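No lab work stands behind these numbers, since they all come straight from the coordinates. Given the structure is predicted, the values throughout are model-derived calculations rather than measurements. Heads up, the Cβs are rebuilt from the backbone with ideal geometry, glycines too, and the neighbour counts pull from every protein chain shown.
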């Protein structure tokens, strides 16, 4: 590895940076959330799926490859480009539709399920943004369809150690050499009404020694806020879990995983 340069902050979100996006799947492969949502969709008999915040398309392409009809939507152009390349390589044809934009651009309706994987729910920082995505999800679902998503449990933050010692890892870079990455919390904005906004700074040291950072604010809504907003959007909360093994939600649980239904 070349000599490391001083840290340099990205001038745009990491989701719009081709280098960061290229490493995203490497750092998040083999996680339990993928299997959780895949199994949930099978159990619920879903055939038409809306993947909100589909990212690089790993889940959407996999589901379409298994015969489901999938629409993926994401506001980040770099993410959608990666998802489209993955879809083209899989030759999925009309089984997968990818949209660059927000749920407001989703005009299709009659979906059996809408999902937000990868803590996508926490990217909607304002209440207005969050209410809008819930309203759009409700609009696109058929009666009896469901919405499923996860959000990190703000009451379990003591166990959510985002610092260099806990998150630092070195992996092979897809273009040769190694890269090192880690996270650190740089700001906590407390909000008793909506839940805190926590900003984590991602560090990537590339094989050529470049050290790039990107800040990412996320909203940590408590269950009371999630329930209230879902009910206001028209959903009935059907199930809540505290982790990917479907254990009950407890004070110290790392996740709040929600299954909400659009009434018949």
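Just a few scattered comments:
- Anisotropy class of the range 177-245 from Cα gyration tensor, a/c 1.5 cut: prolate
- Sorted ascending by nearby beta carbons within 10 Å, beginning with the fewest, 97, 56, 224, 5 become 224, 5, 97, 56.
- By DSSP, the beta bridges lying fully in the chain are antiparallel in about 65 percent of cases.
- Ranking of 116, 79 by count of other Cβ atoms within 10 Å, fewest first: 79, 116
- Stokes-Einstein diffusion coefficient of the range 83-202, Kirkwood radius over Cα pairs, 4 °C, 1.567 mPa s, in µm²/s: 73 µm²/s
- Measuring nothing but how far apart in sequence close Cα pairs (under 8 Å, 6+ apart) lie, relative to its length, the chain scores a relative contact order of 20 percent.
- Each part reduced to its alpha carbon centroid, the range 98-128 and the range 215-264 end up 16 Å apart.
- Secondary structure note: in the range 89-186, about 45% of the DSSP beta bridges are antiparallel.
- Residue 89 paired with residue 188, simple spin-label distance in nm, labels 7 Å along Cα-to-beta-carbon: 4.0 nm
- Computed lengthening from residue 108 to residue 125, 0.36 nm per intervening residue step minus Cα-Cα distance: 3.6 nm
- Pairwise Cα inverse-distance average, inverted: Kirkwood Rh of the range 73-154 (Å): 14.0 Å
- Here the sum of -39500 (n - 2.57) over DSSP H runs of 4 or more residues, divided by the residues of the chain, equals -8500 deg cm²/dmol at 222 nm, to the nearest 500.
- Extension reserve of the residue 238-residue 163 stretch, reckoned as 0.36 nm per residue once the Cα distance is removed: 23.5 nm
- Average projection area in nm² (convex hull over Cα atoms of the range 1-153, one quarter of hull surface): 10.8 nm²
- Computed on the range 63-188, with alpha-carbon pairs under 8 angstrom and 6+ residues apart, the relative contact order is 19 percent.
- Relative contact order (%) - the range 225-264, alpha-carbon pairs under 8 angstrom, separation at least six: 41 percent
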